[in-house]
1. Which of the trypsin sites (Lys or Arg not before Pro) across region 61-167 are loop residues per DSSP, with 11 or fewer other Cβ within 10 Å?
2. Once every DSSP H run of n ≥ 4 in the chain is given -39500 (n - 2.57) and the sum is divided by its residues, what mean residue ellipticity at 222 nm do you get, rounded to the nearest 500 deg cm²/dmol?
3. Once phi is turned into θ = phi - 60°, what whole-Hz ³J(HN,Hα) does the Karplus curve with 6.51, -1.76 and 1.60 give for every residue of region 65-73, x standing for Gly and Pro?
4. Which of the lysines could a cross-linker bridge to Lys126, judged by Cα under 24 Å and excluding same-chain residues fewer than eight apart?
5. Convert each backbone phi in region 32-43 into a coupling constant with the Karplus relation 6.51 cos²θ - 1.76 cosθ + 1.60 (shift: θ = phi - 60°), then list the ³J(HN,Hα) values in order as whole Hz, x for Gly and Pro.
6. Which net charge results for the neighbourhood of Phe15, defined as the other residues with beta-carbon distances under 15 angstrom from its beta-carbon, given Lys and Arg at +1 and Asp and Glu at -1?
7. Could you tell me which residue out of Trp173, Ala76, Asn212 lies farthest along the dipole of region 67-212 toward its positive end? Charges go on the beta carbon: Lys and Arg +1, Asp and Glu -1, centred on the Cα centre.
8. Given charges of +1 on the Cβ of Lys and Arg and -1 on the Cβ of Asp and Glu, with all other atoms neutral, how large is the dipole of the chain about its Cα centre, in debye to the nearest 20?
Amino acid sequence: MNTLIKPTPWDTAAFDMPTWELTEYSEEALQQAAQTPGHYTLKVDPLADKKLLHEYGFYYCDTLMTPHCNATRLRALQHPETTISKDVDVEHALAICHGAFAHGRFNRDFNLPQERADLRYDSWLKQLLEAQQVYGLYWKNELAGFVGYSGNSLVLHAVAEKYRGKGLTKYWWSAVCGELLATGHEEVKSSISAANLAVLNLYVSLGFSFKNPQDIYHCLIP
């Protein structure tokens, strides 16, 4: 059984091509990838020697950071007009989601069509909504965004454009994190692009710390 590359069926469905992730950074894994057509993802330590990656045609796409926080450090913030609820209108949430992930590594990959990258996030949100793992973010009872989660991880989130930059997001995030911590999790965490400074600053303002940075490399093998 091949353990050096593993299929990623959710990405295959979105991009209509074979998609894979390397399970380790080694020349053996890179050689295996070179012989198997498809689109590849590899996550590596930022300080790792990248020479082999370039030799095998891998190119940089993003650096991911892992913010994490516990109940002691989390800033509990409230605003009378901001609320959260799991009662979320699917079509309205999908309208907010579509095209909202310009910082996503698939949207930044020049070898992938933008519309397919958007579809990937739309499909992910649908799956989270079906599993009832989405909090709707409301301003004066109007849906303004969403936070999808899995366990103690915030995995997919977006705010409608007209509500960005108004200082509201910290209240929604504080409420969602508080809900997850109240269910018994020792900490909450997420994964964000280092290029997304607005979200990075949001997590800092709420008391999060950062760990486990990873450089993300992609490759397309015809």
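Every number in this text was worked out from the coordinates using simple rules, so none of it is lab data. What you are looking at is a predicted structure, and each value in this text was computed from that prediction instead of being measured. Cβ atoms come from the backbone with ideal geometry, glycine included; neighbour counts cover every protein chain shown.
1. Numbers: sites: Arg73, Arg75, Lys86, Arg105, Arg108, Arg116, Arg120, Lys126, Lys140, Lys162, Arg164, Lys166; in loops: Arg73, Arg75, Lys86, Arg105, Arg108, Lys140, Arg164, Lys166.
Passing both the DSSP loop test and the Cβ count: Lys86, Lys140, Lys166.
2. Details: 7 runs with 68 residues, N = 222.
Helix-only estimate at 222 nm: -9000 deg cm²/dmol.
3. 10, 10, x, 8, 7, 10, 5, 5, 8
4. Excluding near neighbours in sequence, the set is Lys6, Lys86, Lys162, Lys189.
5. Karplus values, whole Hz, x for Gly and Pro: 4, 4, 4, 9, 10, x, x, 9, 10, 10, 9, 9.
6. Details: positive: Arg105, Arg108, Arg116, Arg120; negative: Asp11, Asp16, Glu21, Asp109, Glu115, Asp118, Asp122.
Once positives and negatives cancel, what remains is -3.
7. The listed residue farthest towards the positive side: Asn212.
8. Numbers: 19 positive and 25 negative charges, 143 e Å.
That gives the chain a dipole magnitude of about 680 debye.
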